[in-house]
1. Pick from the range 146-177 the residues that are assigned to a loop (DSSP other than H, G, I, E, B) and touching a residue at least 60 places away in the same chain (Cβ under 8 Å): which of them is farthest from residue 289 (Cα to Cα)?
2. Taking the conditions exactly as written (under 24 Å from residue 139 (Cβ atoms), modelled with pLDDT of 95 or more and surrounded by fewer than 14 Cβ atoms within 10 Å (Cβ to Cβ)), does residue 293 satisfy them or not?
3. Could you check how many residues of the range 298-325 are more than 27 Å from the chain's Cα centre (by Cα) and surrounded by 15 or more Cβ atoms within 10 Å (Cβ to Cβ)?
4. Checking residue 138 against (1) in contact with a strand residue (DSSP E or B) (Cβ under 6 Å, 6 or more places away or on another chain); (2) at positive phi; (3) surrounded by 15 or more Cβ atoms within 10 Å (Cβ to Cβ), only one condition comes out false. Which one?
5. Just to be sure, is residue 156 surrounded by fewer than 17 Cβ atoms within 10 Å (Cβ to Cβ) and either under 29 Å from residue 93 (Cβ atoms) or at pLDDT 90 or above (or both)?
6. So which residues in the range 257-269 are in a loop (DSSP other than H, G, I, E, B) and without any contact (Cβ under 8 Å) to a residue 60 or more places away in the chain?
7. So which of 209, 150 is surrounded by 14 or more Cβ atoms within 10 Å (Cβ to Cβ) and in contact with a strand residue (DSSP E or B) (Cβ under 9 Å, 6 or more places away or on another chain)?
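The values are calculated or read from the model by the stated rules, or taken from the named source; none is laboratory data. These figures come from a predicted structure and were not determined experimentally. Here Cβ is always computed from backbone atoms with ideal geometry, including for glycine, and neighbour counts include all displayed protein chains.
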């Protein structure tokens, strides 16, 4: 191929232009300038800048009720979920806390009473060998923490008289208060009847109630552990192991001996306390877990009850009380 003078001139010109063209540049912020808040390189704001992401997952009920003390009610079953069902069959009136209508599986619509696919009765997840021995793993549970053995009496009333303690007037405590575990009772009672909630706002009750429903807890399981902080994940229990090691002589651990295996309560206003467990003197040191599998928590509806398309709720109050007079 022959190049004409014109072609050669064009090629030469193109080559010349490519040589003389300036190198491409891109917008940027000077690194040193970006770190100087007094400059205007980044509008007066320093670099680098940061933000954060939280990745989370949870298992079971890990809510904190705010209770504190040497003796405290640390956990109760916060939700008992008896499911969502087509109808109320007068011949099949028992429902369990795993969301099922006993002996009538065709009546089960959804696992949650709120209409979801997942049942909301939380169960305990634990690898504690002592709690596994008690078969409380996988149960809806209540926990009483008893750290009374770590309570110290400084006898600050040495030069005065404590009017609340005739036996030891130098004590800081009322008469009967000791550094020994036990002498407490766990009970539960009904607050109100099953009540239909407002469909527009399920937190608000209507005037519709069901009289005669009953809640039953069967086959109570019990486990006791000294690994309190590992169970509760609560900072107030973080020093328990250290505090316990400082107690001399070392206290003897004894399980709670009086536990109600099966109990029930009518769902009605102003219910009566039903005893779940009672610790005698020296019993219950550490964390005491009482549990029921969801299948062993039963709601029995009254025959002839008329129900509507609504969510029905009732409330329970669990109470930990001292049995020291």
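1. Initial filter on the range 146-177 (assigned to a loop (DSSP other than H, G, I, E, B)): 147, 151-177.
Filter once more, keeping what is touching a residue at least 60 places away in the same chain (Cβ under 8 Å): 147, 151, 176-177.
Numbers: 147: 14, 151: 21, 176: 25, 177: 23 Å.
Looking at residues that are assigned to a loop (DSSP other than H, G, I, E, B) and touching a residue at least 60 places away in the same chain (Cβ under 8 Å), I get 176.
2. no
3. 3
4. (1)
5. No, not satisfied.
6. The first filter runs over the range 257-269 and keeps only residues in a loop (DSSP other than H, G, I, E, B), leaving 257, 260-262, 267-269.
Within the range 257-269, 257, 260, 261, 262 meet the criteria.
7. Criteria check complete, one pass: 209.
Table: residues versus (1) more than 21 Å from residue 317 (Cβ to Cβ); (2) more than 23 Å from the chain's Cα centre (by Cα).
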{"site": "119", "(1), (2)": "yes, no"}
{"site": "126", "(1), (2)": "yes, no"}
{"site": "134", "(1), (2)": "yes, no"}
{"site": "142", "(1), (2)": "no, no"}
{"site": "175", "(1), (2)": "yes, yes"}
{"site": "195", "(1), (2)": "no, yes"}
{"site": "198", "(1), (2)": "yes, yes"}
{"site": "206", "(1), (2)": "yes, yes"}
{"site": "210", "(1), (2)": "no, yes"}
